[in-house]
Structures are given as structure tokens and as C-alpha cells.
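Below is one structure, written out as C-alpha cells; the observations come after it.
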Amino acid sequence: MQLTFFGVRGSTPAPGRDFIEFGGNTACVHVELDNGTDIILDSGTGIIPLGQKLIKKNTDIHLLLTHNHWDHIQGFPFFSPIYQANRNIFITPGLTKLAEHDAILQQMSGSLFPVHHQSLSANIQINPVKESQNSWTLHGATINRLTMNHPGNGSSYVIEADGAKIAYITDNELYPPYKKETDFLDFVDFAQGADLLIHDAQYLFADMPAKAGWGHSIAEEAVKLALACKAKNLALYSHDPSRTDSSLRELESHCRDVVTVAEDGLQVFAAAEGMNFNFS
């Protein structure tokens with residue numbers, strides 16, 4: 001299994017010279033199984049450069065969406081494979097309230113986009129998984145999901161394949177002021193022993209209480225979860241669009257200091273576009 005970060009920002013893209021090292025594209029992670037299966041986590045603007053890679057293949061594409069907020073679907077209209085004739089693209093929507101499974105397509109309708117989704121050349125299928133079903137198989141991989149704590153809800157995912165376990169838990173508020181959908185200890189069980197935990201770390205303590213309830217976690221909380229579930233690696237993710245390269249380096253260093261104090265072997269880093277991990 002190989003994993004590559006194509007988009008690491010939350011909320012909005014972050015262009016400019018202060019956002020080059022970690023990148024400015026919104027959420028998108030590509031997982032390629034050893035058997036060649038392509039799984040994409042979210043469809044932010046990071047899916048646009050990923051499309052330039054995948055357009056060279058003719059294999060099926062499996063897109064797992066966490067939820068329908070703009071920064072997680074806004075890259076889809078510019079994803080090159082959707083314009084390929086006979087390309088199969090299967091989309092699993094997140095468990096959201098309201099359950100708008102086709103929101104990613106509806107953004108390409110009316111006055112919202114010049115190309116209507118019904119005109120796309122690819123074979124695009126929306127395949128909701130029953131709400132009662134939280135585990136299924138996908139071409140040799142086991143997919144598990146868990147409801148995240150975020151306005152409108154949504155899904156976190158764990159992918160297990162080729163002897164590796166990846167947990168993708170973004171746009172998740174571990175300690176929200178509203179009624180939790182999922183408790184901290186449930187997330188611990190969900191991500192237990194992960195080779196890589198990708199977790200929302202958009203905020204700092206200095207951002208609180210102004211942004212409490214906005215659906216994102218403080219970076220130290222992500223470290224706490226990684227330590228509790230005994231993850232091997234933690235990718236701090238969904239970077240605030242105002243967080244510059246220098247401030248992200250400081251955040252990364254601070255979180256590593258927390259791990260040092262805990263005397264744990266956890267490897268912590270701020271996710272950056274182009275980072276690649278080979279778990280095979």
C-alpha cells in the first residue's frame with residue numbers, strides 16, 4: 001500500500017509564497033493498494049493534480065467522502081478522469097445530516113458550474129453504504145467508518161490492506177461543546193495500532209474559545225489520541241488556511257515536544273503535499 005498527500009488544508013485553499021512548503025490545496029489523500037486499486041479520501045482541490053496522475057490509467061477509481069462541506073468536494077469538477085469516456089468512478093458519500101448523497105454532483109448543475117454533471121463522460125456511481133453497515137471490503141481492503149464530531153456530521157475512515165492500517169479522521173472535534181456523535185475512547189478503539197493516523201489539527205489553544213464548536217480539533221488533542229491508540233505515525237492535517245509554513249513548522253515542533261515528554265516513540269509531522277508513504 002502506498003499513500004500520498006495531495007491536499008492538506010481545511011476550509012479554503014491557501015495560495016501564496018507563505019504556503020509553499022506544506023501546500024495550499026484542500027483535503028485529498030490517495031491510497032494505492034498493492035493490487036493497483038485506487039482509493040481517494042475526499043475531493044478538495046488536491047484532487048486536481050491527482051487527476052493528472054490517474055488520467056494515465058484506466059482502472060476503476062473509488063472515492064470515499066467524509067462529508068459535503070465545500071473544501072471536501074470543490075476539486076471534483078476539475079478532476080480529469082470524470083471527463084474520460086468509460087472510466088468507472090464509484091463514490092461513497094459520508095454519513096451526513098442531511099443525507100445529500102449526490103451533493104458532489106449537484107455542484108455541477110444550474111448556475112453553479114458550466115458543465116452539467118449529466119454531461120460527464122465517465123461512468124459515475126453514487127454508492128451509499130447503509131447507515132447500519134460500518135465495515136465492508138473493497139478489492140482486498142477492509143474499510144471501517146465511524147461518525148465524526150462535526151456540524152452536519154460525516155464519516156471517518158480506516159483502511160486496512162496489505163498488512164497496513166491507515167486511519168483518516170479529519171474535520172473532527174474530539175471535545176466539542178455540543179452533543180458528541182462519537183466519544184474519544186471510541187476513536188481510540190477505531191484507530192488502535194494504526195500505522196498512520198491522519199487527524200484534524202486545525203486549531204491551537206489560542207484559537208479557543210472563539211472557534212469551539214466549529215468542528216475541528218486542537219493539535220495537542222490529536223497527539224493525545226495518537227498516543228492513546230498507540231499509532232506509529234501521526235499526520236497533523238486540515239491545516240488552517242492562515243497557518244503559514246513557518247507557523248506549521250512551529251506547530252510540528254511543539255507537538256514533537258509533547259511526545260518527547262510522554263516518552264513515546266510516536267512520529268509526528270505536519271502533513272504536506274507530495275508526502276508519500278510506502279507501507280508494503
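Name the single residue, out of those in region 74-104 being closer than 21 Å to residue 131 by Cα and among the hydrophobic types (A, V, I, L, M, F, W, C), that is surrounded by the fewest Cβ atoms within 10 Å (Cβ to Cβ).
Going residue by residue through region 74-104, those that are closer than 21 Å to residue 131 by Cα are 90-104.
Add one more test, that the residue is among the hydrophobic types (A, V, I, L, M, F, W, C), and what stays is 90-91, 95, 98-99, 103-104.
Working: 90: 16, 91: 22, 95: 21, 98: 9, 99: 13, 103: 20, 104: 23.
Across region 74-104, the extreme among qualifying residues is 98.
If you take the residues in region 43-60 that are hydrophobic (A, V, I, L, M, F, W, C) and crowded, with 24+ Cβ neighbours inside 10 Å, which one is farthest from residue 150 (Cα to Cα)?
50
Within region 169-188, can you find the residues that are under 24 Å from residue 28 (Cβ atoms) and either at pLDDT below 95 or crowded, with 24+ Cβ neighbours inside 10 Å (or both)?
Once the filter is applied, which keeps residues that are under 24 Å from residue 28 (Cβ atoms) and either at pLDDT below 95 or crowded, with 24+ Cβ neighbours inside 10 Å (or both), region 169-188 yields 169, 170, 171, 172, 173.
Considering each of 113, 78 in turn, give the residue that is farther than 27 Å from residue 169 by Cα and free of Cβ contacts under 8 Å to residues at least 40 places away in the same chain.
Residue meeting the stated conditions: 113.
Can you tell me how many residues within region 225-251 are part of a helix (DSSP H, G or I), more than 19 Å from the chain's Cα centre (by Cα) and closer than 29 Å to residue 45 by Cα? Break it down into steps so the answer makes sense when it comes.
Restricting attention to region 225-251, the residues satisfying the condition of being part of a helix (DSSP H, G or I) are 225-228, 245-251.
Now drop any that are not more than 19 Å from the chain's Cα centre (by Cα), which leaves 227-228, 245-247, 249-251.
From what is left, the residues that are closer than 29 Å to residue 45 by Cα are 245-247, 249-251.
Within region 225-251, residues that are part of a helix (DSSP H, G or I), more than 19 Å from the chain's Cα centre (by Cα) and closer than 29 Å to residue 45 by Cα number 6.
Need at least 2 residues that are under 24 Å from residue 197 (Cβ atoms) per element, so show me which strands (runs of 3 or more DSSP E) inside region 14-103 make the cut, counting only ones lying wholly within it.
Those strands (runs of 3 or more DSSP E) span 28-32, 38-41, 61-64.
Does any residue of region 189-199 turn out to be of a type in the set (Phe, Trp, Tyr), closer than 17 Å to residue 9 by Cα and either assigned to a loop (DSSP other than H, G, I, E, B) or at pLDDT 95 or above (or both)?
no
Collect the residues in region 57-66 that are in contact with a helix residue (DSSP H, G or I) (Cβ under 9 Å, 6 or more places away or on another chain) and under 19 Å from residue 9 (Cβ atoms), keeping them in residue-number order. Outline the logic, then answer.
Taking region 57-66 first, the residues in contact with a helix residue (DSSP H, G or I) (Cβ under 9 Å, 6 or more places away or on another chain) are 57, 61, 63, 65-66.
Of everything in region 57-66, those that are in contact with a helix residue (DSSP H, G or I) (Cβ under 9 Å, 6 or more places away or on another chain) and under 19 Å from residue 9 (Cβ atoms) turn out to be 63, 65, 66.
Report, by residue number, each residue of region 146-188 that is assigned to a loop (DSSP other than H, G, I, E, B), more than 18 Å from residue 219 (Cα to Cα) and of a type in the set (Phe, Trp, Tyr).
Selection gives 178 alone.
When you look at residue 126, is it among the β-branched types (Val, Ile, Thr), over 29 Å from residue 14 (Cβ atoms) and at pLDDT 95 or above, yes or no?
Working: among the β-branched types (Val, Ile, Thr): yes; over 29 Å from residue 14 (Cβ atoms): yes; at pLDDT 95 or above: yes.
Yes, satisfied.
So in region 4-13, with the set limited to residues that are among the hydroxyl-bearing types (Ser, Thr, Tyr) and not in a strand (DSSP E or B), which one is nearest to residue 203 (Cα to Cα)? Write out each step before concluding.
Here is the first cut: in region 4-13, the residues among the hydroxyl-bearing types (Ser, Thr, Tyr) are 4, 11-12.
From what's left, not in a strand (DSSP E or B): 11-12.
Working: 11: 12, 12: 15 Å.
Taking the candidates together, the pick is 11.
Every residue in region 111-163 that is basic (Lys, Arg) and either over 27 Å from residue 183 (Cβ atoms) or surrounded by 15 or more Cβ atoms within 10 Å (Cβ to Cβ) (or both), please.
Within region 111-163, 145 is the sole residue that qualifies.
Within the set of pairs 6+ apart or on separate chains, which have a first residue in region 259-280 that is at pLDDT 95 or above, a second that is basic (Lys, Arg) and surrounded by 14 or more Cβ atoms within 10 Å (Cβ to Cβ), and C-beta atoms under 7 Å apart?
Close Cβ pairs satisfying both conditions: 267/232; 268/256.
With the condition kept exactly as written, say whether any residue in region 167-190 is in contact with a strand residue (DSSP E or B) (Cβ under 7 Å, 6 or more places away or on another chain), of a type in the set (Gly, Ala, Ser) and more than 20 Å from residue 72 (Cα to Cα).
No, every residue in region 167-190 fails to be in contact with a strand residue (DSSP E or B) (Cβ under 7 Å, 6 or more places away or on another chain), of a type in the set (Gly, Ala, Ser) and more than 20 Å from residue 72 (Cα to Cα).
May I ask you to say which residue of 39, 61 is aliphatic (A, V, I, L, M), touching a strand residue (DSSP E or B) at 6+ places or on another chain (Cβ under 9 Å) and closer than 21 Å to residue 271 by Cα? Before you say what the answer is, go through the steps one by one.
Numbers: 61 fails: closer than 21 Å to residue 271 by Cα.
Just one listed residue meets the conditions, 39.
The values are calculated or read from the model by the stated rules, or taken from the named source; none is laboratory data. Here the structure is a predicted model, which means the values were calculated and not measured. So basically every Cβ, Gly included, is an ideal-geometry build from the backbone, and we count neighbours across all protein chains shown.
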